[in-house]
1. Check which residues have an amide H placed less than 5 Å from Lys26's amide H, if you skip close sequence neighbours.
2. In what sequence, highest mean first, do 164-175, 199-210, 44-55 appear when ranked by Cβ atoms within 10 angstrom?
3. So what are the ³J(HN,Hα) numbers for the stretch 364-378, from phi and the Karplus equation (6.51, -1.76, 1.60; θ = phi - 60°), rounded to whole Hz, Gly and Pro as x?
4. Expected output is a single nm value to one decimal: the length gained when fully extending between Asp250 and Leu230, i.e. 0.36 nm times separation in residues minus the C-alpha distance. What is it?
5. Would you please give the FRET efficiency between Asn387 and Asn80, computed as 1/(1 + (r/R0)^6) with r the Cβ-Cβ distance and R0 = 22 Å, to the nearest 0.05?
6. Just report the Cα centroid separation between the stretch 68-145 and the stretch 377-400, whole Å.
7. Calculate, for Ile364 and Ser125, the FRET efficiency according to 1/(1 + (r/R0)^6) with r their C-beta to C-beta distance and R0 56 Å; round to the nearest 0.05.
8. Under a Cβ-only charge scheme (Lys and Arg +1, Asp and Glu -1), can you give me the dipole magnitude of the stretch 361-456 about the Cα centre, in debye to the nearest 20?
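What follows draws every value from the coordinates through simple rules; no lab data is involved. This one's a predicted model, so the numbers in the text were calculated from it and none came from an experiment. Counting neighbours? That spans all protein chains shown, and the Cβs are built from the backbone with ideal geometry, glycine included.
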Amino acid sequence: MPGMTEFVDGWFLGHTLGEGAYGEVKLVVNKSTGEAVAMKMIDIEKHPDARQTVRKETAIHRMLSNPNIVQYFGKRSEPNMEYIFLEYASGGELFDRIEPDVGMPTWGAQKYFRQLVCGVEYLHSRGVAHRDLKPENLLLDNNDNLKISDFGLATIYRMQGKERLLEKKCGTLPYVAPEVLVRAYHAEPADVWSCGVILVALLAGELPWDQPQAECPEYIAWQDGKYMSLTPWKKLDNLSLSLIRKILTDSSSARYKMSDIKQHRWFVRSFTKGDQVDGRNHLNQAYAEDENLRNVCLSQPELPGMESDDTIQFNLDTRPTFSFSQPAHVEDLLLGTQLQFTQPSQQNSFQRLVRRMTRFFVKIEYEEIVKRLMRYCEKENYAYRVNEFGVVTMSAVDRRKMALVFKVNFIEMNGNILVDFRLSKGCGLEFKRAFIKVRCSMENIILKSSVVYSKS
């Protein structure tokens, strides 16, 4: 596995955290302090139209400062590349906490939904519409707090008290509000609708429809009130359904506002880990174990906000440094690297911290697990390729006939191989379903102690 690449003096490129329409998001680590930031790379040569998008995205980011919004540190411009530096949310993506077709316990869904509402309400107070809210764009920090990310489609809809209607049809179809697809629309109700669909995903582990249009039978059943015997609705209790009905209302003017949501009984009531409101208490123990596991991690230090216009030029050399004894997640430093740790006990504690639903340890050699993945792809008619760094890319078509691409990285730790799956393109829930099938096919080579969630 090749060593880390030095980006600028003292700062090294780690692995890819995610991919988007215009480029990649990579981890950047300070060699001496272990400080980590996320660096969004936009290839202007390949995407000349992206430069204006970057200007707009960074201008919006500079307006924002909120605990539930990914913090912006600045940008760096080069002739053919733009770099945007953002807070590194070491807890991963929210969709990784959602068990396909099950969701998560009510107390967990409520926690994240409350934080989502607070973040979106703040955006709206600043006159900003996100326009692409979905679990894939909701990250978690090391303290398990939700962070709204990816402002590539965001726009300012209100300035000096004057609001404008939006016309751009954008977003991700299962989450987009119906009015966005047919006419000029108000910004706030459209974001509220997306929050409602996210709540369904959190509670039920699936999306209610492919798109909110007349040709979609699931959406028509919802509109006509003929949904109670259908999934996902039959999985939900009456209290959560009463809130969701108020949010997922076809009329944007009748739709709940953020202030209404915050006063609803489901939002106000404090659910606990022992509650069995939805009859899914079997998830609580596994979910609590994973939360306890993450709480062992050292908190990533908070970086101070930079309020002046100097943030436009990100100077890695002059930023204040911080010191903490361990990186937040070892896999983020190990992917594609050969970092060595001098204390065995430290490495063992790292091995505990890397557990999450889309990775597992195996007890065979790298070459053998790659062969097994290739055979699996051939059996399932997946396309696949292995690059020069040993990363396997698997491509498929999901149940909605949409592209689904994920990448598999391999990390050697204490004589075992950590197999790490990360979504590259497509729906997070469909990715989780695909991962579970892969994992089941590898059951005989997986180290059982590496699986945190008991179900699936």
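1. Amide H neighbours of Lys26: Leu17, Met39, Lys40, Met41.
2. Put in order of decreasing packing, that is 199-210, 164-175, 44-55.
3. Whole-Hz 3J(HN,Hα) from phi for the stretch 364-378: 10, 6, 3, 4, 6, 5, 5, 4, 5, 5, 5, 5, 4, 4, 5.
4. Roughly 5.3 nm would be gained on extension.
5. Calculated transfer efficiency: 0.50.
6. First find each Cα centre; the distance between them is then 27 Å.
7. Numbers: r = 53 Å, r/R0 = 0.95.
Taking R0 as 56 Å, the efficiency between Ile364 and Ser125 is 0.60.
8. Charge dipole, the stretch 361-456, about its Cα centre: 560 debye, nearest 20.
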